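First comes the structure, then the notes that go with it.
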Amino acid sequence: MERRNLKTRTHRARNLRAASTDAEHKMWSIVRSRQLAGCKFRRQVPIDRYFADFACLETMLIVELDGSQHMEQAGYDAERTRVLETAGWRVLRFWNNDVLANIEGVAEAILAEIKLARP
């Protein structure tokens, strides 16, 4: 990857982390520091031409949080998911409201997906 492009992507990832939503903060509080099944998650990870909200490289799992704006960009999200899955990633999507109101249920769904990745 071109050095200039790498700097731009790193800068963009930092800006996205700094501008995290309440739902992203709450999700980060349960996945950071290997709290979920010992898996290391990273925030705002550049993958292909996208930035994944949360990604676990070990299990090739991406967790995306969607706000109300995603209702209007369903086609974009579907294409994004297709590209990521073609690259070997599994993508889980949750609504921000689900994260804020039912973080335990979200954590259970992520754990179930992790168990599928670890035979």
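None of the figures in this text is laboratory data; all of them are computed from the coordinates on show. Note that the structure is predicted; figures quoted are calculated from it, not measured. Please note: Cβ atoms are built from the backbone with ideal geometry, for glycine as well, and neighbour counts cover all protein chains shown.
Annotations
- The chain, helix-only ellipticity at 222 nm - DSSP H runs n ≥ 4, -39,500 (n - 2.57), divided by all residues, nearest 500: -15500 deg cm²/dmol
- Along the chain, longest interval not containing exposed trypsin sites (Lys or Arg not before Pro), exposed being DSSP loop plus at most 16 other Cβ atoms within 10 Å: 50-119
- Only the Cβ atoms of Lys and Arg (+1) and of Asp and Glu (-1) were treated as charged; on that basis the dipole of the chain about its Cα centre amounts to roughly 820 debye.
- Size of charge dipole - the stretch 20-70 - debye, nearest 20, with Cβ of Lys, Arg +1 and Asp, Glu -1, no other charges: 280
- Residue-span extension gain [R82 to K7] - 0.36 nm each, minus C-alpha spacing: 24.4 nm
- Per residue, the average separation of C-alpha pairs within less than 8 Å and at least 6 apart gives the chain a relative contact order of 23 percent.
- Computed across the chain, the Kirkwood hydrodynamic radius from all distinct Cα-Cα pairs reaches 14.9 Å.
- Hypothetical label at E58: residues of the stretch 22-51 whose amide nitrogen lies under 20 Å (7 Å Cα-Cβ projection): 27-46
- Percent antiparallel among DSSP beta bridges (both partners in the chain, rounded to 5): 55
- Considering only A78, A23, A52, the Gaussian network model of the chain with Cα springs below 10 Å gives its largest mean-square fluctuation to A78.
- Overall, the ratio between the Cα radius of gyration of the stretch 50-119 and 2.2 N^0.38 Å, rounded to two decimals, is 1.12.
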